[in-house]
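What follows is one structure encoded as structure tokens, with my remarks underneath.
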Amino acid sequence: MIRWLLDADELKITIEVSGEATQALLSNALADLRLVPVNESEGFVLSVTELTPDRWELNDASEPITRELKTPGDLIYHLSDRVIFHLADNLRERHCLHAAAVELGAGACVIPAQSGAGKSSLTAWLVANGLPYLTDELILIDRSHQITGVARPIQIKTPGMAVVSALLDEGSEILHGELANAITATMLGGSTGDQSPLDIGLFLFPQYLASADFNLVKLNSAEAGMRLMSNHVNARNLQDHGFRTMMKLIRETPCYSLEYGGYDKLPKDFSNQLAALTN
């Protein structure tokens, strides 16, 4: 067995993994989470037991929750989901937003959205077009209002793979799953940011609509504040539910909504357009 530790200062999560094939699989898939090898488990403990080379048992001792998983994509999805759950459920010094993020110049473009809004698909496009990847699911905002992303592999639901697959480098070994498919920034010809804390340069609230053209609209503070708070996932842990901090960020940061009906609707220089909005 090997153990990896995710140390989020006020919270520690240990991932225990048995089986050489599974250790190799997760070591590659979770490389961007910056897990550190340790000898002893600390904090919340998630264990992955290799039953066969293509079947696993995932256990979260704190709940307790046990799942038997039969595809590598679903293993990555459920394991990273438990990591994200514990961060959002227990952090009290940082704000947790259900949001994707990419580096944009010297700062970050933060993409808050509910599931099904096209957040991960849009993130994949931005990464394929040169913006370093930070996360597709959760950002942490510290006391100085800088963000870091929980950099699990980008999770693409099966219906979206037909579109996203066009962005992938030839020969990319996608980790397929029944629920979601895991792809990395390198599969998209892109890179992952170094996870140093970044200022927020832009909030972008996306909505995929099959019939929509490209529609980018600047939001006022009230509209942006309502959208941001609806994606604040640890508000119950924070003084005033994080409202004062979120509204301060909204007032100081450009905020836009985006409707789009597919990659063909996005301008080829959209990444550059986003960078210009931060100035």
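Here the contact order of the stretch 1-92, divided by its residue count and restricted to Cα pairs under 8 Å and six or more residues apart, works out to 25 percent. For the chain, the relative contact order works out to 18 percent when only alpha carbon pairs closer than 8 Å and six or more residues apart are counted.
In terms of the Cα gyration tensor, with a ≥ b ≥ c the square roots of its eigenvalues, is the chain rounded because a/c is under 1.5, prolate because a/b exceeds b/c, or oblate? Oblate shape, in that a/c is at least 1.5 and b/c is the bigger or equal ratio. Packing order of peptides 125-135, 165-175, highest average first: 125-135, 165-175 (average count of other Cβ atoms within 10 Å over each peptide's residues). Dimensions of the stretch 2-90 based on its C-alpha atoms, expressed as ranges along the principal axes with the largest first, amount to 35, 24, 21 Å. Compared with the direct C-alpha span, the chain from residue 114 to residue 269 gains 53.2 nm at full extension, assuming 0.36 nm per residue. With each label modelled as a point 7 angstrom along the Cα→C-beta vector, the residue 244-residue 12 pair spans 3.2 nm. Bridge orientation summary for the chain: considering DSSP beta bridges with both residues in this region, about 75 percent are antiparallel. Only helices reaching 18 angstrom along their own axis (Cα) with mean Kyte-Doolittle hydropathy no lower than -1.0 count here, and for the DSSP H runs of the chain these are 72-90. For a straight C-alpha distance cut-off of 16 angstrom, the aspartates and glutamates reachable from residue 70 (same-chain residues fewer than eight places away being disregarded) are 50, 54, 57, 178.
Averaging the Cα positions of each part gives two centres, and for the stretch 33-76 and the stretch 222-279 these lie 33 Å apart. Partner lysines whose Cα lies under 27 Å from the Cα of residue 248, excluding those fewer than 8 positions away in the same chain, are identified as 119, 218.
Read-outs throughout are calculated quantities, based only on the coordinates presented, and are distinct from any laboratory measurement. Every value quoted in this text rests on a predicted model; they were computed, and no experiment measured them. In this analysis, Cβ positions are derived from the backbone assuming ideal geometry, glycine residues included, and neighbour counts consider all displayed protein chains.
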